[in-house]
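To keep things clear, I will list the structure first and then write my remarks on it.
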Amino acid sequence: MASSRTAPVIIQLIITYFIIAFVVRAIRRARKGAPPRHRPGADAARGTLHSAPRSSSPSPLSGEPSPRDGAVRREEVMFNGVRWQATFRPRRDLASGTRSLRRDVYVEEPPRCPKCGLGVVETRSWLGYTWSCPECGLRKRSSRSITDVAQALARVLH
């Protein structure tokens with residue numbers, strides 16, 4: 001008699017697990033879409049390098065003016081809570097020998113910690129990926145890997 005009850009209990013546990021995983025994912029997606037809560041003085045206490053909002057849109061950190069159009073330039077871009085090194089190269093039209101308005105964008109991996117500047121380490125977790133800094137202990141969660149995020153950032157900056 002006791003063995004006839006184990007199958008429904010196991011099925012209930014599995015269904016509960018999937019419901020909880022669905023709710024957690026929905027909460028994480030809703031947080032990504034919501035604007036971040038800003039506390040006055042929080043940036044100064046954390047010692048961040050800039051006061052730009054933490055959104056998923058890339059924001060350049062370097063305040064220097066861009067060099068002439070034909071030059072290769074490098075920028076630090078804040079994206080998903082970490083700093084990415086982006087290299088912009090003008091594209092030449094080989095048929096006519098002139099420079100095109102398009103440019104090639106390369107994003108270096110791994111990204112850098114915004115606090116100490118050291119490269120972050122990626123680990124796989126059951127809800128996605130965790131990026132952590134081995135120096136200061138900063139942790140960021142992402143549903144996509146560093147490689148996927150770097151490719152998406154390069155497409156956005158292109």
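Taking the stated definitions as given, is T87 modelled with pLDDT of 85 or more and at negative phi? So T87 fits the description; yes. Being acidic (D, E), surrounded by 12 or more Cβ atoms within 10 Å (Cβ to Cβ) and either assigned to a loop (DSSP other than H, G, I, E, B) or modelled with pLDDT of 85 or more (or both) is true of E76.
The values are calculated or read from the model by the stated rules, or taken from the named source; none is laboratory data. Note that the coordinates shown come from a computational prediction; the quantities given were computed from them, not determined experimentally. Note that each Cβ is placed from the backbone with ideal geometry, even for glycine, and that neighbours are counted across all protein chains shown.
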